[in-house]
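Data block below; observations after.
The values are calculated or read from the model by the stated rules, or taken from the named source; none is laboratory data. Since we're looking at a predicted model, the values are computed, not measured. Please note: Cβ atoms are built from the backbone with ideal geometry, for glycine as well, and neighbour counts cover all protein chains shown. SASA here: full protein model, heavy atoms, side chains in, ligands and nucleic acids out. Shrake-Rupley method; radii C 1.70, N 1.55, O 1.52, S 1.80 Å.
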Amino acid sequence: MFKEKFSEGIISAKQFNREDLEYILSKGREMITIKNSNILNGKILATLFFEPSTRTRLSFESAMYRLGGNVIGFHSADVSSFKKGESIADTIRTVQNYCDCIAMRNPLEGAAKLASRFANIPIINAGSGSGEHPTQALLDLLTIKEESGTIDGLNIGIVGDLKYGRTVHSLSILLSKFEANIYFISPKELSLRNRYKAYLQEQKVKYKEVTKYRNILDILDVLYMTRIQKERFIDQEEYEKVKNTFVFNEDDLEKTKDTFKLMHPLPRVTEISPDVDKYTDKAIYFKQTGYGLALRKAILAELMSED
Ligand code: CP
């Protein structure tokens, strides 16, 4: 059923209803304990990365190898024929002849949707400009579910660059399928865009917008820190003004519940002090990258396996 519903791939978090989420989270959980398998033997994933990545590309590639498949691709626009002026449409119509699924990251917000219009195999949106990053949000949900035991009923703070942060957009959409209370924390100039707020309002989500996280630290179950997205600012002076707005430190951790979890999609710059890293019961952002592998194994298996 998942394979049929997602036959065009995973383009936006909006494709998922609660049932789909419960299903893929349960498959992600299974993959935590299945280190290696042969279910994707003979299958090929193409990773087309027009923007830098460490976690997303390498976890997709590792997931593919762990499931017995193979990977082709490129890690930079500069080493593809994009450099010679080739369009996304032509790239996709070509690469689909060489593989069974494409994971693509591109600086254009609508790139994954555009790619899916020209593809006859599933496209996975591995990050589209300042739009969405749905598989990151899925792995974020898996992390919350596994580490906090539930998603429903939690107080979840999302802090940082809510305007340009694509992981925030996809996570907000997915959280709207649960009974979580969401606190959006950002400077006014980096607040969540109206289109995402309108979606949350349609879904009757309980959310609040605030400018500081310290006043609400004691009630939060999860705080999801994000990087201020320097590369998305047209005016670098504007970036300089907001870049150090939030720096989570050891003192902050003391004010949190015993069960509190600090997450981050990574990479981080200055927004979480390295002093916090040693508190691994609460600082779970590196553990989160491990859940990413499990979740991506689950997605690839669902989209490509023959069973
Ligand atoms: N979280 C994330 O998308 O990381 P990368 O940019 O390293 O892939």
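The candidates LYS3, LYS197, LYS208, arranged from most to least accessible area with a 1.4 Å probe in the full protein assembly, appear as LYS208, LYS3, LYS197. Shown for region 185-307: the carbon plus sulfur share of the solvent-accessible area, taken with all protein chains present and a 1.4 angstrom probe, equals 49%. Taking every DSSP bridge with both residues inside region 38-172, close to 5 percent are antiparallel. If you take all other residues with their beta carbon under 9 Å from the beta carbon of ALA63, and give Lys and Arg +1 and Asp and Glu -1, the sum is +2. Under 5 Å from the amide H of VAL71 lie the amide H atoms of LEU45, each residue being 5 or more positions distant or on a separate chain, with H modelled from the backbone and absent for Pro and chain starts. Looking at the square roots a ≥ b ≥ c of the eigenvalues of the Cα gyration tensor of region 210-307, which shape do they give, rounded for a/c under 1.5, prolate if a/b is larger than b/c, or oblate? The shape class here is oblate. Here region 32-99 has 49 percent of its accessible surface on carbon and sulfur atoms, given a 1.4 Å probe and all protein chains in place.
Here the Karplus curve 6.51 cos²θ - 1.76 cosθ + 1.60, taken at θ = phi - 60°, turns the phi angles of region 158-170 into couplings of 10, 10, x, 8, 7, 7, 9, x, 5, 5, 4, 4, 5 Hz, with x standing for Gly and Pro.
Rounded, prolate or oblate, given the Cα gyration tensor of region 68-132, with a/c below 1.5 counting as rounded? Because its axes are fairly even, with a/c under 1.5, region 68-132 counts as rounded.
Close amide H partners of ALA126, meaning residues 5 or more places away or on another chain with modelled amide H under 5 Å apart, are MET104, ARG105. Given R0 = 35 Å, the distance between the Cβ atoms of ASN244 and GLN201 translates into a calculated FRET efficiency of 0.65. Quotient of the Cα radius of gyration of region 163-241 and 2.2 N^0.38 Å, N being its number of residues: 1.14. On region 105-174, 49 percent of the accessible area sits on carbon and sulfur atoms, based on a 1.4 Å probe. Per-residue Karplus couplings for region 288-293, computed as 6.51 cos²θ - 1.76 cosθ + 1.60 with θ equal to phi - 60°, are listed in order as 4, 5, x, 4, x, 5 Hz, Gly and Pro entered as x. Of all DSSP-defined beta bridges confined to the chain, some 5% are antiparallel rather than parallel. Computed on the Cα atoms alone, the convex hull of the chain gives a volume of 128 cubic angstrom per residue. Report the local net charge at ASN181: Lys and Arg +1, Asp and Glu -1, summed over other residues whose C-beta lies under 10 Å from its C-beta. Once all neighbours under 10 Å are counted, the net charge is 0. With all protein chains kept in place, the per residue accessible area of the chain amounts to 45 square angstrom at a probe of 1.4 angstrom.
Around the amide H of PHE248, modelled in the peptide plane, lie the amide H atoms of ILE272, SER273, all under 5 Å away and 5 or more residues distant in sequence or on another chain.
Gyration tensor analysis over the Cα atoms of region 87-236 returns equivalent ellipsoid semi-axes of 31, 18, 13 Å (largest first, whole Å). Relative to the current alpha-carbon distance between THR94 and ASP218, full extension at 0.36 nm per residue lengthens the span by 39.4 nm. Scalar couplings 3J(HN,Hα) for region 35-51, obtained by applying the Karplus form with A = 6.51, B = -1.76, C = 1.60 to θ = phi - 60°, are 6, 10, 7, 10, 5, 10, 4, x, 8, 10, 9, 9, 9, 9, 10, 8, 9 Hz; x denotes Gly and Pro. For region 68-99 versus region 202-271, the spacing of their alpha-carbon centroids is 35 Å.
Sorted largest first by accessible area at a 1.4 angstrom probe radius, with every protein chain in place, the residues GLU4, GLU302, GLU231 fall in the order GLU4, GLU231, GLU302.
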